[in-house]
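Let me begin by presenting the structure, written as structure tokens, before commenting on it.
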Amino acid sequence: MKSAFFGLALAALGLVGSSSAAETAQSWRVTGKVASFAFTLNCDFRPDGPRLGGSCVDASTNDPKVKGGRSHVITRGRIEGDEISWTYQSSFLLSKFDVTFNGARQGRRMSGAIHVQGHDGAFTATQQ
């Protein structure tokens, strides 16, 4: 059950980092792994100066416990040069938790770390 929880939480996350906020305002395919749970997200980022908004949607997976299509609104996000961070809230059963991404952008790709309820992982993303 916890694996499905982390999957849903992670699938709702998105990350972006750029030297130009305008370059970040795109769709990104984010993949990663936290505590043995692999996930894929489709994220649309909306930069507003140094702030980052938008949402990430869980992509369909082969895991029957993880359903695609669940949307997660970014509650906190920031872009500083090539560095990026964002957070969204997710839930599993009756438990709510934050999913936080911290990374860096290199052209049309980015990578970084994810933190979910005491578990850490890594992600990569490609601009679509």
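The values are calculated or read from the model by the stated rules, or taken from the named source; none is laboratory data. Small disclaimer: the values here were computed from a predicted structure and weren't measured. Ideal geometry is used to build each Cβ from the backbone, glycine not excepted, and the neighbour counts take in all protein chains shown.
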List the pairs whose first member sits in the range 75-94 and is closer than 16 Å to L41 by Cα, whose second member is of a type in the set (A, V, I, L, M) and outside any loop (DSSP other than H, G, I, E, B), and whose Cβ atoms are under 6 Å apart, counting only residues at least 6 apart or on separate chains? W86/L52; W86/I74; Y88/I74; Y88/V99; S90/L8; S90/A9; S90/V99
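In the range 15-62, how many are of a type in the set (S, T, N, Q) and modelled with pLDDT of 80 or more? Give the steps one after another, and end with the answer.
First pass over the range 15-62, keeping only residues of a type in the set (S, T, N, Q): 18-20, 24, 26-27, 31, 36, 40, 42, 55, 60-62.
Those still in the list that are modelled with pLDDT of 80 or more too: 26-27, 31, 36, 40, 42, 55.
Going through the range 15-62 one residue at a time, the tally reaches 7.
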